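As structure tokens, the structure follows; a few thoughts come after it.
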Amino acid sequence: MRSGLQILADHPRLYLNGDCTPGTEWFRLRGPVPTDRVWTAKDDSVALPGWLGIPGIRHSIGLARWWHFSADTLWLLNGVIFYILLFSTEQWRRLVPVSWSIFPHALSTAIQYASLNFPAPAGWHDYNGLQMIAYFTTVFVAAPTALLTGLLQAPFIAARFRTAKGLFNRQIARTIHFGLLLYFVSFVVIHVAMVFSTGLLTNLNHITRGVNDASPGGLVFFIFGLGVILVAWLAATPFTLRYPRVVQHAGRFLTGGIKGLFERVRPVAEFTEKDISPYFWTNGTLPTDESFRKLHVEGFAGFKLRVGGLVENPLELSYQEILAMPRHEQITQHYCIQGWSGIAKWGGPQMSEILRLARPKPEVRFVVFYSFAHGPRVGDGLYYDVHKLAHMEHPNTILAHEMNGKPLPLLNGAPLRLRNELELGFKQVKWVQAIEFVESFREFGSGEGGFNEDHEFFGYRAPI
Ligand SMILES: Nc1nc2c(c(=O)[nH]1)N[C@H]1C(S)=C(S)[C@@H](COP(=O)(O)O)O[C@H]1N2
Ligand SMILES: [Mo]
């Protein structure tokens, strides 16, 4: 829950439409978007208190995601074991209503609670109607929906299952995912309050030890459990701030393999002209050096894209040559790691065409895209990102020089920006100046596979 709030704080707006146009959100933790200057999505992120978010500071979504995915994987594993135990015994009968009488039963229980004339506790044998509905909803509706709405936010899932549009759009999924957070918090508060007020010692023995008496053993378990949670709660943020690389690598160890499964090349959801978003958030720091400025004022006439590394035929392609290449057009949804999305039409040569010209050697596994631009802090070096060679053969992986039918605007990465629709936004390098084919990316930067992977602790694999 805490890492989820941190993720929300990175784009603290929720919408019921796929465009993320400021002003159309139904919920936000931030004022209106300033219109008198460039306002990037990163400018828009907010901080949380360190005890609430993990790790609280602004734009720490890279670290929060490792917590979120790792904790969720363990939570889901726990759920799978719970399902197996439920259905391999008769215990499921306690949770799954099998007759409509559950509704009148729940209503009469609710009236008893409301009149403060609590029904006699009988949970050792059977749950009352309200309990059954609450437990059933939590275990069989809320939890699976949380998993589903989490996955629906991922570019790869949307591409694979063509769910990017309509009810399954990422922004609807974010809203439902947030609603489920509210549900789980309310459930915990109400449930714990009921455990306390309807015979604490006996209830805790039911829950923790499976015995039906009022001995203090269950309470000891409960206090021990709360103690562990409290220590973990207090330690999570300081630990994350002190050892971010450990959090990144531990998270990758726990969840990287699962993410890798989603990274196979599959179709991409394409949209139509009328789906194009009127507003498209932006991110990144414009290139600042003089040589780029000169290229820009001359309309990129002097621009040459360098293609090299482990290739049979190293190339230098001029802007004119690139414009003359067969142009692929696609209308796709961009998925920023922060949570916003936007639909745009992109046009430019397919990467498969570049591959055909440059002819990568057999040992090549990765492709590095170098930007003209620095990261947010100049001292950290050039923005770059590494992609899988296999993704470069996908028909929707292009070097875009057009956006929505016009030459690519400077802010969106002119002269060229990558589109790999199977990955998140931060991998779509803008202001591309060079492409290098490599066998391994360990020697580049800090060896994590890209600028944000090095400096923001993002995962190299970003299909989710
Ligand atoms: N060179 C460079 N490319 C970059 C970035 C950046 O900071 N520098 N930001 C990335 C991120 S996080 C996103 S979401 C997209 C945003 O693209 P847009 O500004 O066209 O919306 O660009 C990506 N490419
Ligand atoms: Mo992003």
Tell me the label-point distance for the pair residue 201, residue 230, using the 7 Å Cα-to-Cβ offset, in nm and rounded to one decimal.
2.2 nm
Expressed as a whole-number percentage, the relative contact order of the range 2-262 with C-alpha contacts under 8 angstrom and at least six residues apart is 21 percent
The chain: relative contact order in percent, alpha carbon pairs under 8 Å with at least 6 residues between:
17 percent
A student asked for the Cα radius of gyration and Dmax of the range 2-262 in angstrom ought to give 21.4, 68
Rounded to the nearest angstrom and ordered from largest down, what semi-axes does the equivalent ellipsoid of the range 48-203 get from its C-alpha gyration tensor (root of 5λ)?
33, 20, 16
Under the 7 Å Cα-to-Cβ spin-label approximation, residue 320 and residue 301 lie apart by a distance in nanometres of 1.0 nm
Which FRET efficiency value, to the nearest 0.05, is calculated for residue 125 and residue 81 with the Förster distance at 22 angstrom and r the Cβ-Cβ distance?
0.35
Jot down the per residue volume, in cubic angstrom and as a whole number, of the convex hull over the alpha-carbon atoms of the chain.
170 Å³
Would you mind calculating the relative contact order of the range 116-215 from Cα pairs under 8 angstrom and at least 6 residues apart, reporting the percent as a whole number?
21 percent
For the range 273-455, with equal point scatterers placed on the C-alpha atoms only and solvent neglected, what are the log10 I(q)/I(0) values from the Debye formula at q = 0.10, 0.12, 0.13, 0.16 1/Å, to two decimals?
-0.36, -0.52, -0.62, -0.99
Compactness of the range 63-138, expressed as Rg and Dmax over alpha-carbon positions, Å
16.5, 48
Around residue 332 (Cβ within 11 Å, Cβ-to-Cβ, excluding residue 332; K/R +1, D/E -1) the net charge comes to -2
Taking Rh as the Kirkwood radius computed over C-alpha pairs, what is the Stokes-Einstein D of the range 207-309 at 37 °C in a medium of viscosity 0.692 mPa s, expressed in µm² per second?
151 µm²/s
I'd like the distance between the alpha-carbon centres of the range 1-49 and the range 254-332, rounded to an integer number of Å.
26 Å
When all C-alpha to C-alpha distances in the range 219-261 are sorted into bins of 5 Å, what percent of pairs does each bin hold, rounded to whole numbers?
5, 20, 15, 17, 15, 14, 10, 3, 0
Classified through the alpha carbon gyration tensor (a ≥ b ≥ c as square roots of its eigenvalues; rounded if a/c is under 1.5, else prolate when a/b is larger than b/c, else oblate), the range 343-446 comes out oblate
Given 165/345; 274/406; 42/294; 388/430; 259/345; 388/427, the pairs whose alpha carbons are separated by over 21 Å:
42/294; 259/345
Evaluate 2.2 N^0.38 Å with N set to the residue count of the range 135-279, then give the Cα radius of gyration divided by it.
1.46
In the range 1-87, what is the volume of the convex hull around the alpha carbon atoms, normalised per residue and reported in Å³?
124 Å³
Between residue 258 and residue 286, what is the label-point separation in nm under the 7 Å Cα-to-beta-carbon projection?
4.2 nm
Which percent of the Cα-Cα distances in the range 257-333 go past 19 Å?
68 percent
Going by Cα centres, the range 366-424 and the range 189-227 are how many Å apart?
55 Å
Between residue 208 and residue 389, 0.36 nm times their residue separation minus their Cα-Cα distance comes to what?
60.1 nm
Tally Lys/Arg at +1 and Asp/Glu at -1 over every other residue whose Cβ is under 15 Å from the Cβ of residue 288; what's the total?
+1
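Since every read-out is calculated from the coordinates, none of them should be taken as a lab result. Only a predicted model underlies this, so the values are computations on that prediction, with no experimental measurement involved. Backbone-built Cβ (ideal geometry, glycine too); neighbour counts: all protein chains shown.
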